[in-house]
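Down below is the structure, laid out as structure tokens.
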Amino acid sequence: MKRFQLPEKTTVSPSERKLELLAPARDIAIGRQAILHGADAVYVGAESFGARAAACNPVDDLAKLVEFAHSYNTRIYVTLNTLIYDDELLAAEKLIRRLYDIGIDALIVQDLSVLRMDIPPIALHASTQCDTRTPEKARFLQDCGFSQIVLARELSLEEVRAVVSAVTVPVEVFVHGALCVSYSGDCQASLFATGRSANRGECAQMCRLPYSLTDADGRKLAPDAHYLSLRDMNRLERIGDLADAGVSSFKIEGRLKDSDYVRNAVAAYSQAIDRVIAASDGRYSRSSSGNVEYAFEPDVSRSFNRRFTSYFLDGRPSQSERLASLESPKWIGVPVGTVISVRGRSLKVDSREPLNNGDGLGYFDRDGRYCGFRVNKVDRGVVYAASDIRIEAGTKLYRNRDKVRDDIMSGETARRSVGLKAVLRRVDSDRISLSFTDECGVMAEQTAVCCEQPARSPQLQSRQGVIAKLGGTVYRLAAVDDRIPDDSFVAASVLADLRRRTVALLDNTRKTVYRYDYRRGELAEIKSYSDRPLDRHDNVANRLARKFYADHGIAVREGAAEVDMPDRQSDRRVMTTRYCLRRELGACLRTAAGSRLPSPLFLRAAGVEYRLDFDCAGCRMMVMLPASAR
């Protein structure tokens, strides 16, 4: 595929900022659904080097997704966001060239070795794995040549605004989905515990395990719980605030999620962005084309979630606000009622919502374990379970499988189409022409031989019917300007052939004028984001990354832990997190309640022991792997 660099459009006001809804895709089928439901861009893994090893896709499949996406001016970003080892550099270069050749719009990158590879000028986006928390780090990445910067999830609205003010490239933030408890890119818990590196796409999710909370002598201080498992992010009602802070790209987490999750979340956030644009008085517009019609009502509470939090968007949470999902790392579902009485497999339920045969219900037993069952039948407020259950009166029920909604979601749930304006006119006594102009002003026109002759009946309505037959294309007829007299005859077969040829020309024209982004230039002198020499937390994993830093006079003291394992005889920091377990449990050391828990604190699970250190001045918690634990 040959790329054309075109001059900038002049029809868009320079003050108008494009907003992008960026959706995840595990595979090509889900990517198509994300696009159909309103995504302006999709991020997806290729055959290797993506931070989700279980979400890889052949390049040939990605080529098909690119073609489909570009018909809506939707962009495709490929995640190349793992650390790359020396013996993999050549393979990474070859993959990047193949991705460029099929028209991928940008790479999402963690490893700065890419800046020293022999690759085409494909646009580069700085992954969340780059751990960008400060204006200095953002400026550093911009100066390196990155075209878009993904910020750390932990930032407040004011911190986001400060970063945006420091750069000129678009800034991207996560708005929905799972939260890593550690700063992204700086979690080594999985690597040290299991040998599986999160920076290599193999995270063992140590944060989702149940732990015992103990003192230094091993005495339990509270019931076992999922102390490091955070709730999911939900900023659906804060899109306007983020846009006003300067954010241009709104990212949904979930490259391992299923199609229902992606469709529901994309639809919900697409509608939210549309509302913000409608109220912006022309300040914002969508970065892709098309109008979406939905066959369902989006509701993010009805897709997988661990309950929601806005995280640190408004700064430090109040003492009462919960950030963690201590009871379970699973989706417990939507509250639907309370058990009144139990008789065998039948439950009389006080339900706030209609329950249906085939629903999946869950509950917490007396030991705090989450249990579930399938509904076999519902009859006049009595629920009949499909299997034996142990449940007591007064237990709250949650629905995590809604059979009625699942049936709706199993069909076609959205149609996206690009509006066209048609102009039909007579060129001369022997020819007519038909032009189509899309929402972005791209126009195609074709002519046909059609001699003037009178009609026996009015023709306008029938001609519009022929022009409007755009089934099987991405288009819909938004308006027709028929300049041929109503009493002039045009054969339907002539008009249908003219329509088909004009659509084909429009398709080709839109592909030709599709506007790619390209890699920005790297500054000759780049100031480091840190006053210290880089260490294992900066993830320098290969010779090309070291060369990049050396070229700019930046010292590298030690390589990434994956290639330069630290001394096992000393304590190792495996996580740094803005989440504080003391605050979560009502024992913040900044308050009088801090004495409720002793110091130090430990988290223990089978074969794993962590010490928790607290930096109260920086309001951070460090998860340490003590030397004595090995």
Between Asn357 and residues 5 or more places away or on another chain, the pairs with built amide H atoms under 5 Å apart involve Val378
Quick check on my link table: of Lys64/Lys511; Lys421/Lys469; Lys64/Lys137; Lys64/Lys421, which ones sit more than 24 Å apart, alpha carbon to alpha carbon? Lys64/Lys137; Lys64/Lys421
May I ask you to give the percent of accessible area on region 135-204 that is carbon plus sulfur, with a probe radius of 1.4 Å? 48 percent
Please list the non-local residues whose amide H lies under 5 Å from the amide H of Leu21, H modeled 1.01 Å from N, same-chain partners needing a gap of 5 or more. Asp40, Ala41, Phe250, Ser287
Just to verify a number: FRET efficiency for Arg316 and Asp101, C-beta to C-beta distance, R0 = 56 Å, to 0.05? 0.70
From the phi angles alone, apply the Karplus equation (6.51, -1.76, 1.60; θ = phi - 60°) to region 118-132 and give each ³J(HN,Hα) in whole Hz, x where the residue is Gly or Pro. 8, 9, x, x, 5, 5, 10, 10, 7, 5, 4, 5, 6, 6, 8
Counting pairs of alpha carbon atoms under 8 Å apart in space and at least six apart in sequence, what relative contact order in percent does the chain give? 16 percent
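Can you give the Kirkwood hydrodynamic radius of the chain from its Cα pairs, in Å with one decimal?
Details: mean 1/r = 0.0365 Å⁻¹.
About 27.4 Å for the chain.
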Qualifying trypsin sites (Lys or Arg not before Pro) for region 363-401 [loop in DSSP, other Cβ within 10 Å: at most 11]: Arg366, Arg369, Arg380, Arg390
Under the Karplus curve 6.51 cos²θ - 1.76 cosθ + 1.60, θ = phi - 60°, whole-Hz ³J(HN,Hα) for region 531-542, x wherever Gly or Pro sits: 7, 9, x, 6, 10, 5, 6, 9, 6, 8, 10, 7
Whole-Hz ³J(HN,Hα) for each residue in region 355-364, computed from phi via Karplus 6.51 cos²θ - 1.76 cosθ + 1.60 with θ = phi - 60°, x for glycine and proline: what do you get? 9, 9, 4, x, 5, x, 10, x, 6, 9
Extended-chain gain in nm, criterion 0.36 nm per residue less alpha-carbon gap, Cys451 and Val59: 136.1 nm
D for region 474-547, whole µm²/s, Stokes-Einstein with Kirkwood Rh over alpha-carbon pairs at 10 °C and 1.306 mPa s: what number? 82 µm²/s
Among the aspartates and glutamates, which fall within straight-line cross-link reach of Lys94, defined as a Cα-Cα distance under 13 Å, with same-chain neighbours fewer than 8 residues apart omitted? Glu47, Asp118
Out of the DSSP beta bridges found with both residues in the chain, what percent are antiparallel (nearest 5)? 65 percent
Find how much the distance from Val404 to Ser462 grows on full extension, using 0.36 nm per residue of separation minus their present alpha carbon separation; answer in nm with one decimal. 16.8 nm
Using a 1.4 angstrom probe on the protein heavy atoms only, could you order Leu347, Leu157, Leu90, Leu585 from most to least accessible area? Leu90, Leu585, Leu157, Leu347
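Quick one, can you get me the convex hull of the C-alpha atoms of region 327-448 expressed as volume per residue in Å³?
For region 327-448, the hull spanned by Cα atoms encloses 179 Å³ per residue.
Counting only protein chains, not ligands or nucleic acids, how are Phe296, Phe489, Phe548 ordered by accessible area (probe 1.4 Å), most first? Each step should come with its number before you reach the end.
On the way: Phe296 20, Phe489 75, Phe548 0 Å².
My answer, sorted largest first, is Phe489, Phe296, Phe548.
Give me the net charge of Leu424's neighbourhood, meaning all other residues with Cβ under 13 Å from the Cβ of Leu424; Lys, Arg count +1, Asp, Glu -1.
Values: positive: Lys421, Arg425, Arg426, Arg431, Arg463, Arg483, Arg499; negative: Glu445, Asp481, Asp482, Asp486.
Every neighbour counted, the sum reads +3.
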Estimate the FRET efficiency between Asp367 and Asp258 by the formula 1/(1 + (r/R0)^6), using the beta-carbon distance for r and 25 Å for R0, to the nearest 0.05. 0.25
Tyr227 long-range amide H proximity, modeled H, under 5 Å: Tyr211
Asp118 label point, 7 Å along Cα→Cβ, cut-off 17 Å on backbone N: hits in region 60-95? 87-95
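Run the accessible area of region 466-518 with a 1.4 Å probe and give the carbon-and-sulfur part as a rounded percent.
55 percent
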The extension gain from Asp487 to Met443, computed as 0.36 nm times the residue separation minus the Cα-Cα distance, is 13.1 nm
Exposure rank, largest accessible area first [Tyr77, Tyr370; 1.4 Å]: Tyr370, Tyr77
Could you sort the peptides 121-127, 57-63, 209-215, 572-578 by per-residue average Cβ neighbour count (10 Å cutoff), highest mean leading? 121-127, 572-578, 209-215, 57-63
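If you take every residue apart from Asp367 with its C-beta less than 13 Å away from the C-beta of Asp367, what net charge results, scoring Lys and Arg +1 and Asp and Glu -1?
Here the charged neighbours net out to -1.
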If I take R0 = 45 Å and measure r between the Cβ atoms of Leu221 and Val382 in this structure, what FRET efficiency does the formula 1/(1 + (r/R0)^6) give, to the nearest 0.05? 0.60
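Over the chain, with the other protein chains present, what is the accessible area per residue in square angstrom, probe 1.4 angstrom? Intermediate results must be reported in sequence, preceding the final value.
Values: 27220 Å² over 630 residues.
Here the per-residue accessible area is 43 Å².
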Not counting ligands, DNA or RNA, and with a 1.4 Å probe, what is Thr591's accessible surface area in Å² rounded to the nearest 10? 50 Å²
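The values are calculated or read from the model by the stated rules, or taken from the named source; none is laboratory data. Just so you know, these numbers come straight off a predicted model, no measurement behind them. Note: ideal-geometry Cβ built from the backbone for every residue, glycine included; neighbour counts use all protein chains shown. The area values use the complete protein model at the heavy-atom level, side chains included, leaving out ligands, DNA and RNA. Shrake-Rupley method; radii C 1.70, N 1.55, O 1.52, S 1.80 Å.
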